[in-house]
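Single-structure report; data block below.
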Amino acid sequence: MRFGFHMFMVDPSEFLDIARTADECGWDSIQVADAPFFPEVTSVPYPYTPDGSRFWPLDTPVLDPWVAITHMATVTKRIRFLPSVLRLAIRQPLLEAKALFSVAAISNDRVALGVGLAWMPEEFKWLHQDMKTRGARQNEAIQILRLLMKGGMQEFHGKYFDFDRLIMAPVPKKPVPIYVGGTSKPALRRAARFGDGWVSVIHNKADVAGVLAELNGYRREFGRENEPFDVMMHCPDAETVDDIRRLEDLGVTDLQITPWSVPGILAEMGVGEIMRQQPPLALKLETIKRYAEGMIAKCS
């Protein structure tokens, strides 16, 4: 099992100290948020809280994910970074490929890519993208990223994106893993068809077997059941070594933890109950070290 945590709602001034500490202690990954802006009012409810409300203050600082990752990558040696998740459906894939490949070069390929569709109609409207075609456009965008990772002259002629032969350099020394996020049936099917893995939001450990059975069924449908596949799972009630071993047996490869959160938070309470907890930096660093010594060392 590999272990990581998310930096959403963490003060950006704390990023370097947290990244250095996690890197030294044996954590595998750090996730960063993607949010170009927050509308004052949204026309649809937030999909990942029980009441549909946004759990963060709208003036919460959110760095551009590639800037945040580069910032931390330059002071670390081994830990990986990924946006979780990049709203690929509101972006132009050629420009995102350039950003991704640049960060891969700077970090010595210590980067993965989590992608999602974006949920706010305002993002699509104000960035002049069609929300109705977001799934199909993201599918093409993933194909474009994989194509360009091969290096050399490439061209693509799809329904939504079209370009003649071009070259992009540098390209990653090894393919960047692409993890598809989301819990809906289309999201699970997209992960099974196009992804190197799946990024969950939050689940109790009792729910994991069922959702992974559904996901693995789609992987068999697309003939990909024997390919390597990562599962990044936020499971707050997995609190013991035995709990983690059982998740690993089910196919979870990466457990997402918020080491500075208090125990006892369950999935139905929402991920916001965890991320709103922001103790002082010293306590964050202490809990990062403590979890590494008490759990990561036992599960490695």
Self-check item: Subset of the range 208-240 (residues that are of a type in the set (A, V, I, L, M) and either surrounded by 13 or more Cβ atoms within 10 Å (Cβ to Cβ) or part of a loop (DSSP other than H, G, I, E, B) (or both))
Solution: VAL208, ALA209, VAL211, LEU212, LEU215, VAL231, MET232, MET233, ALA238
Exercise. Answer with yes or no whether SER53 is in a loop (DSSP other than H, G, I, E, B), more than 19 Å from the chain's Cα centre (by Cα) and exposed (fewer than 15 other Cβ atoms within 10 Å of the Cβ).
Key: yes
Quiz item: Given (1) part of a loop (DSSP other than H, G, I, E, B); (2) in contact (Cβ under 8 Å) with a residue 60 or more places away in the chain, where does LYS284 come up short, assuming only one miss?
Solution: (1)
Practice problem: Consider only pairs whose beta carbons are under 6 Å apart and that are at least six residues apart or on different chains; among these, list those whose first residue lies in the range 165-185 and is on the phi > 0 side of the Ramachandran plot and whose second residue is in a strand (DSSP E or B) and crowded, with 18+ Cβ neighbours inside 10 Å. | Solution: GLY182/GLY116
Quiz item: In the range 237-250, how many residues are within 12 Å of VAL208 (Cα to Cα) and either touching a Leu at 6+ places or on another chain (Cβ under 7 Å) or among the β-branched types (Val, Ile, Thr) (or both)?
Solution: 5
Practice problem: Go through the residues of the range 241-261 one by one and say whether even a single one is touching a Cys at 6+ places or on another chain (Cβ under 7 Å), assigned to a helix (DSSP H, G or I) and either farther than 22 Å from TRP198 by Cα or among the small types (Gly, Ala, Ser) (or both). | Solution: yes
Quiz prompt | Breaking point among (1) part of a strand (DSSP E or B); (2) in contact with a helix residue (DSSP H, G or I) (Cβ under 9 Å, 6 or more places away or on another chain), for ILE144 | solution = (1)
Quiz item: Can you find even one residue in the range 162-183 that is touching a Pro at 6+ places or on another chain (Cβ under 8 Å) and not in a helix (DSSP H, G or I)?
Solution: no
Practice problem: Of all residues in the range 96-123, count the ones that are at pLDDT 95 or above, within 23 Å of SER200 (Cα to Cα) and not in a loop (DSSP other than H, G, I, E, B). | Solution: 8
Quiz item: Residue check, PRO65 against (1) within 21 Å of ALA112 (Cα to Cα); (2) free of Cβ contacts under 8 Å to residues at least 40 places away in the same chain; (3) surrounded by fewer than 16 Cβ atoms within 10 Å (Cβ to Cβ); (4) not β-branched (Val, Ile, Thr), all met but one. Which one?
Solution: (3)
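The values are calculated or read from the model by the stated rules, or taken from the named source; none is laboratory data. Small disclaimer: the values here were computed from a predicted structure and weren't measured. Methodologically, a virtual Cβ is constructed for each residue, glycine included, from the backbone with ideal geometry; neighbour enumeration extends over all protein chains shown.
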